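For reference, the structure discussed in these notes is given below.
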Amino acid sequence: MAKQVEERILGVDVAKSWLDIYDAVSGESTRIDNTKSAVVAWLKARPDLCKIGVEATNRYHELFIEQAHIQGHRIFIIDAFRLSRYREAVGHRAKTDRCDAELLARYLKQEQAHLRVWEPRDPRQTKLWQLMKRRAMLVKTRVSLRQSLEDIDALDEAAKELIRHCDQLIRKVDRELQAQAEQLDWQQGLRLAQGIPGVGSTTSLALVAAFHRHAFRNADAFVAFLGLDVRVRDSGRHRGRRKLTKKGDPEVRRLLYNAAMSGCKQPHWKAYYRSLRDRGLSGTAALMALARKMVRVCFALLRRQVPFASETTKTGCPAS
């Protein structure tokens, strides 16, 4: 009988200048420079394909995971918050680069069945998400300028000029976003999303872009990806306060909140929103529930490739 070879699992802790790599089979730890030449040389020296757990660190991990994927290794991006809680759960007291690499390998070994294999995105999608982040920064800057300078008469004209300039930049980014969407052939999806009452052009773009990030199993997974699912913490007779997980992109949630604010005033959503308030939900909680409803409807429309109709929400959206 041939000897069974134990599957090799690696944990990689990423820093700006170097990578610490831990081999869960041999127990060996290696440090290499975080440069393309060093990463490629190390990967080519690997005798077998591996499963590699990596914690996302700004953009410093991107070089390694892209090169590892090219070499055929399977990459798993580990959420930093979950890894931190895992460290506490298993009683790791020390936190060093080597310890983190070992912890990543241990986490991957135990939890790989519940993790998604990383796949490289279309460069056009990457550019689109970068533009979305820049747009969010510009919007935040515009709001800060308006709030901080509006009461200073001496700076009134200068403040208005700065705000106008921000508006011009935002419009320019919007044009670039639409151009990227056209290159990705998302026009049909954008039309479907914009058919939902309250959903505008920017929100529809965010929803369609999020929809194309993964092959989501169902609407619940899509809601969770956007961070709109509710964290429940009950124990015995204690009923904990419900909070959003907020695991997704904060800018997408902001856009959806604004869409819900617009949608709750429109005939199609008005009765639903009113029913949420009558159940005792606060205004914010009701708007987030409405945003979840809009996301579920959007998921159904995009998956089925059908236009919005009032009956969509009356009959409900299937989970799969």
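Some values worked out for this structure:
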read-out: Of (i) 34, 60, 5; (ii) 25, 49, 24, 1, 0; (iii) 30, 49, 19, 3, the label for P(r) over Cα pairs in 20 Å bins from 0, in percent derived from the coordinates; value: (ii)
read-out: Paramagnetic reach from residue 232 (point 7 Å along Cα→Cβ, amide N under 17 Å) across the range 243-282; value: 243-246
read-out: Percentage relative contact order, the chain, counting C-alpha pairs under 8 Å, at least six apart; value: 13 percent
read-out: Given charges at beta-carbon only (K, R positive; D, E negative), |dipole| of the range 157-262 in Debye; value: 820 debye
read-out: Relative contact order of the range 94-206, pairs being alpha-carbon contacts under 8 Å that are 6 or more residues apart, as %; value: 25 percent
read-out: Potential lengthening between residue 304 and residue 92 on full extension [0.36 nm per residue; Cα-Cα distance subtracted]; value: 71.6 nm
read-out: Percent carbon-and-sulfur accessible area, the chain, ignoring ligands, DNA and RNA, probe 1.4 Å; value: 49 percent
read-out: Positive-end extreme of charge dipole, the chain - chosen from 218, 264, 159 (charges on Cβ); value: 264
read-out: Reachable lysines, given that their alpha-carbon falls under 20 Å from the alpha-carbon of residue 243 and they are not under 8 places away in the same chain; value: 293
read-out: Environment charge at residue 77 (Cβ cut-off 14 Å; Lys +1, Arg +1, Asp -1, Glu -1); value: +1
read-out: Cross-link partners of residue 127 among lysines (Cα-Cα below 16 Å; sequence separation of 8 or more within a chain); value: 172
read-out: Local net charge near residue 62, Cβ-Cβ under 13 Å (Lys/Arg +1, Asp/Glu -1); value: +2
read-out: Net charge dipole size for the range 57-148 [Lys, Arg +1 and Asp, Glu -1 on Cβ; Debye, nearest 20]; value: 580 debye
read-out: Rounded tilt (10° steps) of 123-149 against the dominant C-alpha axis of the chain; value: 50 degrees
read-out: Folded to 0 to 90 degrees: helix 283-304 orientation relative to the chain principal axis, Cα; value: 70 degrees
read-out: Helix 97-111 axis, angle to the chain major axis (alpha carbon atoms, nearest 10°); value: 80 degrees
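The values are calculated or read from the model by the stated rules, or taken from the named source; none is laboratory data. All of these numbers come straight from a predicted model, not from anything done at the bench. Here the Cβ is made from the backbone with ideal geometry for all residues, glycine too, and neighbour counts use every protein chain on show. Note: areas computed on protein heavy atoms with side chains; ligands, DNA, RNA excluded. Shrake-Rupley method; radii C 1.70, N 1.55, O 1.52, S 1.80 Å.
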